[in-house]
Amino acid sequence: MKKYTYTESKDTRSGFGAGLLEAGKQNENVVALCADLIGSLKMNDFIKEFPERFFQIGIAEANMMGIAAGLTIGGKIPFTGTFANFSTGRVYDQIRQSIAYSGKNVKICASHAGLTLGEDGATHQILEDIGLMKMLPGMTVINPCDFNQTKAATLALVDHEGPAYLRFGRPVVPNFTPADQKFEIGKAILLNEGTDVTIIATGHLVWEAIQAGEELEKLGISAEIINIHTIKPLDEEAVLASVTKTGCVVTAEEHNRLGGLGDSVAQLLVSKRPTPQEFVAVNDSFGESGTPAQLMEKYGLNAAAIVAAARKVITRK
């Protein structure tokens with residue numbers, strides 16, 4: 001098992017803030033819009049550097065999406081920022097009609113996704129956003145795992161033509177991927193080669209998958225671990241190559257088991273290579289108030305849950 005270490009923990013939303021500032025320096029057409037959550041989205045540095053390229057829309061998320069779509073007509077590359085719940089569920093009609101249907105070059109950037117929003121509870125958490133976004137034709141869906149990868153993903157979206165959804169979070173998590181990494185949209189990252197079980201993870205669950213792999217190694221189980229940072233388009237080649245070798249798979253995500261990464265993998269496997277699969281995800285329920293750690297434990301979104309799923313799926317081969 002390849003060993004991964006980290007020297008610091010950071011929140012992925014700060015990775016977005018760092019990436020947005022760098023994107024603004026690299027391309028003068030990059031503009032930012034926010035729905036009254038500048039601090040939460042870490043947009044302050046961009047605003048300080050490029051005040052004329054920032055638009056505070058206020059608590060009017062639907063209007064923000066419409067304005068962003070309009071800005072693309074003049075050649076701008078708008079990055080919108082608010083909580084994931086407000087970036088998707090609250091404004092789905094505007095995204096569908098004004099952005100996705102028209103193929104507008106809008107980057108929908110969503111913080112505080114999943115259960116790890118924490119104490120604000122179910123009304124602010126969203127566990128359906130990946131499904132909502134991936135069902136829109138032409139929409140790219142990205143869910144990076146740490147600060148460095150979120151920064152790299154933000155920069156990669158500048159050169160990506162078309163609508164995209166970038167999902168990140170509030171809590172600090174281990175920052176273990178390279179600072180100088182090249183982010184390739186739609187290209188999975190093989191973190192560890194293995195022979196007994198494939199573990200495919202996204203977002204905050206990638207680090208948990210690495211921890212699970214170490215625990216499985218102690219049990220004599222060789223886990224292949226894949227970081228799927230781009231859920232749409234899915235790297236089908238990487239998934240199929242891995243499950244062909246291992247014969248079973250566990251998918252892990254901070255999302256409803258319906259409509260997320262696990263669903264995408266299952267759809268691929270049922271049509272191309274039927275394979276036993278277990279899901280580590282929220283089991284079709286809303287969240288609740290609690291600390292991020294408490295919620296991840298209660299809803300089974302951690303290394304222990306991945307280990308249990310791996311041991312179970314191996315018996316189904």
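The values are calculated or read from the model by the stated rules, or taken from the named source; none is laboratory data. A quick note: this is a predicted structure, and the numbers were derived from the prediction, not measured. As a convention, Cβ positions derive from the backbone with ideal geometry for all residues, glycine included, and neighbour counts pool all protein chains shown.
I'm checking my understanding of the structure. Among residues of segment 136-150 that are part of a loop (DSSP other than H, G, I, E, B) and surrounded by 22 or more Cβ atoms within 10 Å (Cβ to Cβ), which one is farthest from the chain's Cα centre (by Cα)?
146
If we keep just the residues of segment 106-134 that are acidic (Asp, Glu) and modelled with pLDDT under 95, which is surrounded by the most Cβ atoms within 10 Å (Cβ to Cβ)?
Among those residues, the one meeting the criterion is 120.
Rundown of residues vs (1) assigned by TED's automatic domain parsing to the domain that holds residue 241; (2) on the phi < 0 side of the Ramachandran plot; (3) without any contact (Cβ under 8 Å) to a residue 40 or more places away in the chain, yes/no style:
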{"position": "180", "(1), (2), (3)": "no, yes, yes"}
{"position": "183", "(1), (2), (3)": "no, yes, no"}
{"position": "195", "(1), (2), (3)": "yes, yes, no"}
{"position": "200", "(1), (2), (3)": "yes, yes, no"}
{"position": "208", "(1), (2), (3)": "yes, yes, no"}
{"position": "218", "(1), (2), (3)": "yes, yes, yes"}
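Answer yes if at least one residue in segment 304-314 is assigned to a loop (DSSP other than H, G, I, E, B) and either of a type outside the set (A, V, I, L, M) or buried (at least 20 other Cβ atoms within 10 Å of the Cβ) (or both), and no otherwise.
no
Considering only residues that are assigned to a helix (DSSP H, G or I) and surrounded by 15 or more Cβ atoms within 10 Å (Cβ to Cβ), which ones fall in segment 292-303?
292, 295, 296, 303
Restricting to segment 44-75, count the residues that are in contact with a helix residue (DSSP H, G or I) (Cβ under 6 Å, 6 or more places away or on another chain) and of a type in the set (A, V, I, L, M, F, W, C).
7
May I ask you to list the residues in segment 226-251 that are of a type in the set (Gly, Ala, Ser) and out of contact with any strand residue (DSSP E or B) (no Cβ under 7 Å at 6 or more places or on another chain)?
241, 247
From 37, 20, 41, grab the single residue that is buried (at least 24 other Cβ atoms within 10 Å of the Cβ) and in a loop (DSSP other than H, G, I, E, B).
On inspection, the qualifying residue turns out to be 41.
How about segment 245-286: which of its residues are free of Cβ contacts under 8 Å to residues at least 24 places away in the same chain and not small (Gly, Ala, Ser)?
267, 270, 274
Give the residues of segment 63-84 that are within 22 Å of the chain's Cα centre (by Cα) and either modelled with pLDDT under 95 or within 14 Å of residue 36 (Cβ to Cβ) (or both), sorted by residue number.
Residues satisfying the conditions are 64, 80, 81, 82, 83.
Could you say whether any residue in segment 158-168 is in a helix (DSSP H, G or I), small (Gly, Ala, Ser) and surrounded by fewer than 23 Cβ atoms within 10 Å (Cβ to Cβ)?
No - not one qualifying residue is present in segment 158-168.
Taking residue 153 as meeting all but one of (1) assigned to a helix (DSSP H, G or I); (2) under 18 Å from residue 55 (Cα atoms), write down the number of the exception.
Every condition holds for residue 153 apart from (2).
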